[in-house]
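A short write-up of the structure that comes next.
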Amino acid sequence: MEILALVGSPRRLGNSELMAKEISRRIPEPHRLKLVRLPEMDIRPCRACYTCLFDEHTCPQADDFPTILEALLQADGLILAVPVYMLAANASLKQFLDRGLSLYGHFEKLWGKPAVAVAIAGIPGMEGYTKLCLDSALRLMGAQPQASEVVYGALPGEVFLNQDNLKTAEKLANALFGPPPEWQGESWRCQACGGDTFRFLGLEQVRCMTCSSPGKVLIKEGQVDFAVDAHEDHFFLTLEGARRHLHWLQGMKGRFLEKKKELKSICLDYLHEGEWLETTRKENKGAPAS
Ligand SMILES: Cc1cc2nc3c(=O)[nH]c(=O)nc-3n(C[C@H](O)[C@H](O)[C@H](O)COP(=O)(O)O)c2cc1C
């Protein structure tokens, strides 16, 4: 078996790398560990051209993304280990995920790969929305999130000054190929996806920020209950939903062509507003204002 670890830290032998390797060591099933250090990979920004949604599912950016995609396709299981920067998963994860439309054409093979994720924060309680970043990253990759955790440690290696973090690595390792997680009955979780981050849309209405399912927050016998309507159509939750979402996105091309003139006239009205700062990036220098 092959396990792929996506490591989000630029620090060699930093806490994210150690956590990924420790999880791998403790996975009971024999396997080979492959690692990707995301910040070192050449992952260029999505150009929003939607080319990857059609036919060959190719992307005009020539970079390391296809190498990572190939490794994802080959892997039997995934480990995501990312440091917390500014209350969120660091940008290397988002940089990778922003190319996520390129994954849609491969969902038939990617779907349901077991995955675990860990974030490392330097200060207890200062992880901000990182767990949400991890949980949604795994869903966006079509993976089956088996477990995710946040651990603490600031200096490289510090994560294992605390023996509890070895136990967390063990827990994640055992979860990877273990039974699917059960959250039914845990009323503080989203009953559609197990997510634990909600946005309040008023006094009663909530939305799960991982799978977008709507729900109501109720207090039952003094306990909070997020009564979520499982949003069956949501593409995070089933492969069928993912396929439907891909078809909907592909339909955007037709909708764009239909409304092209109208949209262009809306956009052009803003063409000469304001003054742009100059960039030092060579490839953008002298680019026409558009
Ligand atoms: C730019 C930057 C921002 C950070 N922001 C946070 C933060 O918001 N919350 C936190 O708890 N730790 C923060 N940290 C600390 C790192 O999460 C911590 O050092 C972690 O161990 C880094 O993992 P690594 O060793 O894998 O790089 C930040 C570190 C850096 C370099």
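The values are calculated or read from the model by the stated rules, or taken from the named source; none is laboratory data. Predicted, not measured: the structure shown is a model, and the values here were computed from it. Note that each Cβ is placed from the backbone with ideal geometry, even for glycine, and that neighbours are counted across all protein chains shown. Surface areas here come from the heavy atoms of the whole protein model, side chains and all, with no ligands, DNA or RNA. Shrake-Rupley method; radii C 1.70, N 1.55, O 1.52, S 1.80 Å.
Some values worked out for this structure:
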| item | result |
| --- | --- |
| Amide H contacts under 5 Å for residue 150, placed H, 5+ residues apart | 119 |
| Per-peptide average of other Cβ atoms within 10 Å, ordering 262-275, 69-82 highest first | 69-82, 262-275 |
| Cα-based shape type of region 2-176, given that a ≥ b ≥ c are square roots of the gyration tensor eigenvalues and the cut on a/c is 1.5 | prolate |
| Too-long pairs where the Cα-Cα distance tops 30 Å, listed order kept, from 216/253; 21/282; 34/94; 167/220; 216/259; 131/260 | 216/253; 21/282; 167/220; 216/259; 131/260 |
| Computed label-point distance, nm, for sites residue 224 and residue 184 using a 7 Å Cα→Cβ extension | 2.4 |
| Spin-label pair residue 244/residue 263, simplified geometry with 7 Å Cα→Cβ offset, distance in nm | 2.4 |
| Extension gain (nm, one decimal) between residue 200 and residue 155, 0.36 nm per residue minus Cα-Cα | 12.7 nm |
| Residue-by-residue Karplus 3J(HN,Hα) for region 132-143, coefficients 6.51, -1.76, 1.60, Hz, glycine and proline x | 4, 4, 5, 4, 6, 4, 5, 4, 5, 8, x, 7 |
| Helix-only CD estimate at 222 nm, as mean residue ellipticity for the chain, using -39500 (n - 2.57) per DSSP H run (n ≥ 4) | -9500 deg cm²/dmol |
| Contour minus Cα-Cα distance for residue 57 and residue 33 (0.36 nm per residue) | 5.9 nm |
| Mean accessible surface per residue for the chain, computed with a 1.4 Å probe while every protein chain stays in place, in Å² | 58 |
| Residue (of 195, 162, 117) at the positive-pole extreme of region 89-233, dipole from beta-carbon charges | 117 |
| C-alpha long axis of helix 164-176 to longest principal axis of the chain, angle in ° | 70 |
